[in-house]
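Trainee: Here you go, one structure.
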Amino acid sequence: MAIEFRDLKKQYEYLKKDMDAAISQCLLDGRFIGGDPVKKLEETLAGYVGVKHCISCANGTDALQLALMAWNIGPGDAVFVPDFTFFSSGEVVATIGAAPVFVDVREDTFNIDTESLEDQIKRVFEEGKHKARAVIAVDLFGQPAEYDRINLICEKYDLLLLEDGAQGFGGRIGDKKACSFGNISTTSFFPAKPLGCYGDGGAIFTDNDDWAKLIRSYCVHGKGSNKYDNVRIGMNSRLDTVQAAVLNVKFPIFAEEELDRAQEIAGLYSENLKGIVITPTVLEEYYSSWAQYTVRLKSKEERDSLQEFLKEKGIPTNIYYQKPMHRQKAFNKNHYSEDDFSVCNYLVERVLSIPFHPYMEDNVVNEVSGMICKYGK
Ligand SMILES: *Cc1c(COP(=O)(O)O)cnc(C)c1O
């Protein structure tokens with residue numbers, strides 16, 4: 001059987017009975033926007049994460065944008081974003097007219113480097129062109145960023161903290177869950193994320209009542225007392241009822257089974273691949289939701305030829321990410337010194353994400369590992 005990079009069909013087979021019933025119920029109810037499934041999901045997720053408010057929306061990119069809108073960030077403001085992440089994390093900053101300032105990452109965890117963050121903050125203060133307003137920290141590949149250190153920096157420079165937990169949902173540091181670390185935190189329910197729906201979806205988490213209220217308004221055309229009373233310029237960003245119903249079926253299995261199985265698979269990969277490639281580092285007390293299992297090779301040549309070798313053997317892989325944010329053409333009007341991104345520049349040439357999902361059997365994990373070892377010999 002073909003090996004899938006992330007097998008969503010297996011999960012559906014496992015959940016089919018409950019899933020079909022939940023989707024059918026939405027069709028029978030004839031209600032497709034809002035309603036009980038959305039309300040139930042928001043309550044469940046807020047309780048799980050341990051924050052007061054969960055507001056669902058159309059996708060993880062909107063979730064980030066809505067957070068920045070609630071903080072009234074815009075032209076003249078600077079927001080700090082890791083250089084090694086999915087495009088959205090920086091895109092939203094530019095969408096609302098603010099300036100993304102990219103920050104280098106740690107080689108071992110792939111997450112924002114706190115020394116580089118402080119350097120970039122100081123630079124923005126010294127240049128005096130933009131007002132430093134917020135940091136977007138990303139929980140890349142499932143592992144939370146270093147929030148203890150990031151919080152100290154945010155306090156020192158009076159910056160707001162936005163946690164991009166699109167890949168991090170289900171992760172934690174000690175007992176504190178991902179999507180509870182930011183002043184506002186966000187996630188994505190894109191199908192391939194740790195908790196994915198059957199289309200696009202996203203959510204925003206916060207303990208702050210005022211921001212929650214503002215975001216609920218921005219989500220629905222800047223509504224006042226109702227959707228035809230518009231008190232601010234907003235967006236149309238809601239989670240469909242059917243997607244909420246899908247997530248209500250998936251969530252208990254995600255929390256009770258899939259996260260534990262993901263730990264086992266990651267453990268097995270790391271055991272099999274030790275000394276062959278550089279396996280992922282998870283910090284002490286940190287717990288990853290394993291959105292990706294990403295290894296590093298010693299050079300671009302090695303990485304590219306391993307990818308080619310695996311492809312020939314029918315094993316799909318992906319390069320997350322091929323290009324640093326600071327080199328994306330869309331951001332080209334910014335001027336950067338390549339020296340500021342030595343780690344990210346190094347990583348983009350050496351990372352390789354291999355097949356990973358909680359429905360992988362041990363023998364498949366061993367087969368993929370075996371091929372990588374065979375190549376390494
Ligand atoms: C997927 C992702 C997003 C965007 O989520 P969408 O639901 O696809 O809009 C944002 N940030 C990161 C880090 C992501 O991986």
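The values are calculated or read from the model by the stated rules, or taken from the named source; none is laboratory data. This structure is a prediction, so every number in the text was calculated from the model and none was measured. Neighbour counts run over all protein chains shown; Cβ positions are idealised from the backbone, glycine included. Ligands, DNA and RNA are excluded from the accessible area calculation, which covers all protein heavy atoms including side chains. Shrake-Rupley method; radii C 1.70, N 1.55, O 1.52, S 1.80 Å.
Trainee: Scan the range 6-51 residue by residue and report those that are in contact with a Ser or Thr (Cβ under 7 Å, 6 or more places away or on another chain) and not aliphatic (A, V, I, L, M). Even if it seems obvious, please write down each step before you answer.
Mentor: We begin by selecting, within the range 6-51, every residue in contact with a Ser or Thr (Cβ under 7 Å, 6 or more places away or on another chain); these are 26, 31-35, 37-38, 41-42, 49-51.
26, 31, 32, 34, 35, 37, 42, 50 - these are the residues of the range 6-51 that are in contact with a Ser or Thr (Cβ under 7 Å, 6 or more places away or on another chain) and not aliphatic (A, V, I, L, M).
Trainee: Which numbered condition in (1) part of a helix (DSSP H, G or I); (2) farther than 19 Å from residue 66 by Cα is the only one that residue 214 fails?
Mentor: Only one criterion in (1) part of a helix (DSSP H, G or I); (2) farther than 19 Å from residue 66 by Cα is unmet by residue 214, namely (2).
Trainee: Can you spot a residue in the range 123-140 that is part of a helix (DSSP H, G or I) and in contact with a strand residue (DSSP E or B) (Cβ under 6 Å, 6 or more places away or on another chain)?
Mentor: Checked the range 123-140: at least one residue is part of a helix (DSSP H, G or I) and in contact with a strand residue (DSSP E or B) (Cβ under 6 Å, 6 or more places away or on another chain).
Trainee: Continuing with the same structure: Determine the pairs where a residue that is in contact (Cβ under 8 Å) with a residue 12 or more places away in the chain and closer than 10 Å to residue 80 by Cα, located within the range 110-131, has a partner that is of a type in the set (Ser, Thr, Tyr) and not in a loop (DSSP other than H, G, I, E, B) with Cβ atoms under 6 Å apart, the partner being 6 or more residues away or on another chain.
Mentor: From residues that are in contact (Cβ under 8 Å) with a residue 12 or more places away in the chain and closer than 10 Å to residue 80 by Cα, the pairs are 121/157.
Trainee: Right, something else. Going by what's in this entry, would residue 173 be described as more than 20 Å from residue 100 (Cβ to Cβ) and more than 10 Å from the chain's Cα centre (by Cα)?
Mentor: Yes.
Trainee: Would you call residue 231 more than 13 Å from the ligand (Cβ to nearest atom), open to solvent by less than 30 Å² (accessible area, probe 1.4 Å) and of a type in the set (A, V, I, L, M)?
Mentor: no
Trainee: Hey, another quick one. When only residues in the range 157-209 that are near the ligand (Cβ under 10 Å from one of its atoms) and of a type in the set (Asp, Glu) count, which is surrounded by the most Cβ atoms within 10 Å (Cβ to Cβ)?
Mentor: 164
Trainee: Can you find a residue that is away from the ligand (no atom under 16 Å from the Cβ), of a type outside the set (Phe, Trp, Tyr) and surrounded by fewer than 18 Cβ atoms within 10 Å (Cβ to Cβ) anywhere in the range 89-96? Steps first, answer last, please.
Mentor: Quick first cut of the range 89-96, residues away from the ligand (no atom under 16 Å from the Cβ) only: none.
No - not one qualifying residue is present in the range 89-96.
Trainee: What about residue 20, is it part of a helix (DSSP H, G or I), loosely packed, with under 15 Cβ neighbours inside 10 Å and modelled with pLDDT of 95 or more?
Mentor: yes
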